[in-house]
1. Give the relative contact order (percent, whole number) for the range 139-205; include only Cα pairs under 8 Å separated by 6+ residues.
2. Around residue 202, under 12 Å between beta carbons, what's the net of Lys plus Arg minus Asp minus Glu among the other residues?
3. Take each of the peptides 128-138, 166-176, average the number of other beta-carbon atoms within 10 Å over its residues, and list them starting from the highest.
4. Can you tell me how much longer the chain between residue 125 and residue 102 gets when fully stretched, taken as 0.36 nm per residue apart minus their C-alpha distance, in nm with one decimal?
5. So what are the range 134-256's ellipsoid semi-axes, whole angstrom, largest first, if each one is the square root of 5 times an eigenvalue of the alpha-carbon gyration tensor?
6. Filter the trypsin sites (Lys or Arg not before Pro) in the range 1-102 to those in DSSP coil with at most 16 other Cβ atoms within 10 Å of their Cβ, and list the result.
7. Taking only Cα atoms, what is the 0 to 90° angle, nearest 10, from helix 95-104's long axis to the longest principal axis of the chain?
8. Note down the accessible area of residue 247, probe 1.4 Å, to the nearest 10 Å².
Amino acid sequence: MPKDEIKYHILVVEDNLGDFVILEEYLSESILNLNIQHAENFKTAAAYLEHDEHTFDIVFLDLSLPDKSGEELVLEIIKRAIGIPVVVLTGFSNFEFGGLSLALGASDYLLKDDLTAAILYKSLLYNIQRVKFISELKESRRKFSDLFQLNPSPIIVYELENLKVLDVNEATLSKYGYSREEFLAMTLFDFRPKEESETLRQSLAGFWVNQDSDFQRITRHIKKNGEIIDVEISPAKVKINNKDAGLVLVNDITDKLKYLRKIEEQNEAFKEIAWIQSHVVRAPLARLLGLVNLLELSENKVDEGTKELLYHIKNSTLELDKIVRDINEKSLSISDR
């Protein structure tokens, strides 16, 4: 059978030299690159674990040492072997405690009299991979927690069955003003205007039934101080403890909508100005041009000085009419954007 070529750094804490030699032989049968350290007592084992230059993949621990034993020994070793699996080695007399050592934080326990090279190697592989998997899972959860809590946008997680709030991030607490405890005692209806309750029910029903992942909706939420804000919500489906739940990403668009409403008001004002210019201002200009034309066509003789005066009045009127038309066109183009 080919040997495992991975290099393992192993600490064996065993006061019986004969048991240590057997353990080393068993490990050598399965592992090619074996780096093994032997500690005959707790003091030596603690020194190995506390020095940075010693990074172990696994610790095999005898339950009875000259300077420490039993529960105290297990707890003290585990406290120092952070992120390292600790496998307890026990005899028949301590077999029952071997099982209890798992509750203290040990990764596994093995009965010395039943040990074989295969059993020992299998325990080594299993416990190293198990601790690695748990470590990666914790890191994954930590990253998810950071992504959730440090997200600058409010995020609300709620239970599908009763719409009860399950969790909120820091941005939600800051935006709405409620404490975490207050939020966890609320449902989605509690921070929505009462007149929108039925709309909320219909929206949620439609979202979950239609499985629409692109669903977005603009609605209103109520802050603790009573202020109503306009929000754009982006919901998603998640699993919390194997139960269906909803996650809502909230984007406060209150200022954006206020700006858009102001633009709309300005557009209406421009339209009104354009109408006034087109129907009110140009009317007297048209009458003035008409009077000038009448004077020019009058049968009464008009002297040269009056003709020149009428000429300037007519040109000025036409120029003013062009200015009004230009302003009108610009107002209409702005209001149509």
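1. Working: 65 pairs, mean separation 16.2, N = 67.
Relative contact order of the range 139-205: 24 percent.
2. Values: positive: 201, 217; negative: 196, 198.
My count for the surroundings of residue 202 gives 0.
3. Highest to lowest by the protection proxy: 166-176, 128-138.
4. Values: separation 23, 0.36 × 23 = 8.28 nm, distance 1.75 nm.
Separation in residues times 0.36 nm, less the Cα-Cα distance, equals 6.5 nm.
5. On the way: eigenvalues 109, 66, 38 Å².
Here the semi-axes work out to 23, 18, 14 Å.
6. Working: sites: 3, 7, 43, 68, 79, 80; in loops: 3, 7, 68.
Sparse-neighbourhood loop trypsin sites (Lys or Arg not before Pro): 3, 7.
7. Between helix and principal axis, roughly 20 degrees.
8. Result for residue 247: roughly 40 Å² accessible.
The values are calculated or read from the model by the stated rules, or taken from the named source; none is laboratory data. Keep in mind that this is a model prediction, so the values were computed, not measured. Neighbour counts are summed over all protein chains in view; Cβ atoms, including those assigned to glycine, are modelled from backbone coordinates with ideal geometry. All accessible areas refer to the heavy atoms of the entire protein, side chains included, with ligands and DNA or RNA removed. Shrake-Rupley method; radii C 1.70, N 1.55, O 1.52, S 1.80 Å.
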